[in-house]
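To start, the structure itself, in structure tokens.
The values are calculated or read from the model by the stated rules, or taken from the named source; none is laboratory data. Keep in mind it's a predicted model, so treat the numbers as computed, not measured. Here the Cβ positions follow ideal geometry from the backbone for every residue, glycine too, while neighbour counts run over all protein chains shown. Ligands, DNA and RNA are stripped out before the accessible areas are found, and what is left, the full protein with its side chains, is counted by its heavy atoms. Shrake-Rupley method; radii C 1.70, N 1.55, O 1.52, S 1.80 Å.
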Amino acid sequence: MTQTPLNPGDSPLVREALSSVVSRETSATQAADPAGETSRVVEGGWPRPAKCRVIAVANQKGGVGKTTTSVNIAAALSMNGQRVLVVDLDPQGNASTALATEHRGDVPDVYQVLVDDLPLADIVKQVPDMPGLYCAPATIDLAGAEIELVSLVAREARLRRALTAYSAELDYIIIDCPPSLGLLTVNALVAADEVMIPIQCEYYALEGLGQLLRNVDLIKVHLNPTLRLSTIVLTMYDGRTRLASQVAEEVRAHFGETVLKTVIPRSVRLSEAPSYGQSVMTYDPGSSGAMAYMDAAREIAHRALV
Ligand code: ADP
Ligand code: MG
């Protein structure tokens, strides 16, 4: 009999991807601390962080659920009393679309903030019908930023500078990164306190993870000492396949508490919602995808920063 070919634990690729991070298992755990000193509880809502949590949602692979996760976690948080800004850092502008925020033509966008020093306040829009939820849109112009940033002063810290200068009172800033490890993602990681990595429950999903984690470490050492991998969220989980549960098990074995207990299932409603300019939280709140993202957001809100 031949060996099971798809056990991720047996794969040199996965071992390679994960070897650099095994030591995180113990260090990266964070206790849930809803009533602790680091958070304030609002009546009828979820605990508010003592200071704004800036979370970069990153993974250089495309199609793993970065945008879906950014938009729906942000919506769920805002529906529970949090003030949330989504920064769309992908020239595709998918997060802007899902949040019904104009990002075509010459609307001022993140590009102008990063390259032309436009204040963030000049581009942020309130998301229609979603009190407490805001979006900083990306237009296709942002595609040029990757190159134009190279010659600018403090090119890695442009977003951090813009966020620091932005005075609006916020509980969360969620940065939806593009599918690359270029200067846009570097800007997100320099601006953030936390990295959230969506991992699709499929075999190749772990490919490149080692590289992403090494980049996070490099940025931590050289540019942003407070950065940490706070959250891994398993996405597009198909409970009917053995592979999905194997990938989930493997990721949990290596990353421990960093992985949210909530797993995001495959759900058609999640992929339909953006074409209506909505998060799934309003498009179909009773769907499995909406309920999962609500649970995931609750977990995130109850995890205090150490
Ligand atoms: P990324 O931002 O990492 O490229 P997206 O969030 O855009 O990934 O997701 C890629 C595609 O998969 C999109 O069409 C999205 O609607 C769809 N999708 C994301 N998560 C799910 C899910 N849990 N179930 C079904 N489709 C999903
Ligand atoms: Mg995306």
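Annotations
- Rg over Rh, two decimals, the range 250-306 (C-alpha only, Kirkwood Rh): 1.06
- Estimated FRET transfer efficiency when R0 is 25 angstrom, pair Glu169-Glu299 (beta carbons, to 0.05): 0.60
- Taking a ≥ b ≥ c as the square roots of the eigenvalues of the alpha-carbon gyration tensor, the range 176-270 is classed prolate because a/c is 1.5 or more and a/b outweighs b/c.
- Net charge of Cβ neighbours under 15 Å - reference Met294; Lys, Arg +1; Asp, Glu -1: 0
- Only Cα sites of the range 58-158 enter the Debye sum here, all with the same form factor; the resulting log10 I(q)/I(0) across q = 0.21 1/Å is -1.10, listed in q order.
- Based on protein heavy atoms only, the range 166-306 ends up with 39 Å² per residue of surface accessible to a 1.4 Å probe.
- Distance from the range 195-234 to the range 52-90 (C-alpha centre basis), Å: 15 Å
- Gyration tensor (alpha-carbon) shape descriptor, the range 222-277, a/c threshold 1.5: oblate
- Counting protein heavy atoms only, the range 138-245 has 57 percent of its accessible area on carbon and sulfur, 1.4 angstrom probe.
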